[in-house]
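Undergrad: Dropping the structure in here first, questions after.
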Amino acid sequence: PQLLVLQAIRALGEVSTGAISREVSMSPPTVVAVLDRLEARGLIVRYRSTADRRIVHARLTDQGQQALTTVPDLLGTRTL
């Protein structure tokens with residue numbers, strides 16, 4: 001799940017939790033739990049939208065970008 005979420009953030013850019021949830025077909029609470037773990041490891045950062053404080057965005061850190069270059073693709077091919 002962590003790899004899927006990281007790949008979704010890379011593909012979508014700075015993105016809301018809801019958009020990540022739809023992209024990876026996971027429930028929003030599951031995505032939030034995954035984001036908690038990724039943030040604790042320094043792979044992503046989260047911040048509130050300036051337009052609507054209810055929306056939380058996530059983006060990859062440099063460390064998160066690097067992590068994605070060192071892990072094997074889930075299907076054995078690099079499509080992202």
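Undergrad: Just to be sure I understand, how many residues within the range 3-15 are in contact (Cβ under 8 Å) with a residue 40 or more places away in the chain and either under 15 Å from L68 (Cα atoms) or open to solvent by 30 Å² or more (accessible area, probe 1.4 Å) (or both)?
TA: 9
Undergrad: Something else now. Within the range 28-35, does at least one residue satisfy the condition of being over 13 Å from the mean Cα position of the chain (by Cα) and either modelled with pLDDT of 95 or more or exposed (fewer than 14 other Cβ atoms within 10 Å of the Cβ) (or both)?
TA: yes
Undergrad: Scanning for something among the hydrophobic types (A, V, I, L, M, F, W, C), surrounded by 13 or more Cβ atoms within 10 Å (Cβ to Cβ) and without any contact (Cβ under 8 Å) to a residue 24 or more places away in the chain, does the range 46-65 turn up at least one residue?
TA: So far as the range 46-65 goes, no, none of its residues is among the hydrophobic types (A, V, I, L, M, F, W, C), surrounded by 13 or more Cβ atoms within 10 Å (Cβ to Cβ) and without any contact (Cβ under 8 Å) to a residue 24 or more places away in the chain.
Here is a yes/no grid of residues against (1) within 11 Å of V5 (Cβ to Cβ); (2) of a type in the set (A, V, I, L, M):
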position	(1), (2)
P28	no, no
L38	yes, yes
L43	yes, yes
R48	no, no
D52	no, no
I55	no, yes
A58	yes, yes
G64	yes, no
T70	no, no
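Undergrad: Please state which of the following conditions T79 fails to meet, knowing it meets all the rest: (1) among the polar types (S, T, N, Q); (2) modelled with pLDDT of 95 or more; (3) in a loop (DSSP other than H, G, I, E, B).
TA: Of the numbered conditions (1) among the polar types (S, T, N, Q); (2) modelled with pLDDT of 95 or more; (3) in a loop (DSSP other than H, G, I, E, B), the odd one out for T79 is (2).
Undergrad: So, E23, is that one open to solvent by 90 Å² or more (accessible area, probe 1.4 Å) and in contact with a helix residue (DSSP H, G or I) (Cβ under 6 Å, 6 or more places away or on another chain) or not?
TA: So E23 fits the description; yes.
Undergrad: Now a separate question. Give the number of residues within the range 55-76 that are modelled with pLDDT under 90 and of a type in the set (D, E, K, R).
TA: 1
Undergrad: In the range 19-38, how many residues are touching a residue at least 12 places away in the same chain (Cβ under 8 Å) and in a helix (DSSP H, G or I)?
TA: 10
The values are calculated or read from the model by the stated rules, or taken from the named source; none is laboratory data. Treat the numbers as computed from the prediction; the structure is a model and nothing was measured. Note that we place each Cβ from the backbone using ideal geometry, even for glycine, and neighbour counts take in every protein chain shown. For the accessible areas, the whole protein counts, side chains as well, though only heavy atoms, and no ligand, DNA or RNA atoms are used. Shrake-Rupley method; radii C 1.70, N 1.55, O 1.52, S 1.80 Å.
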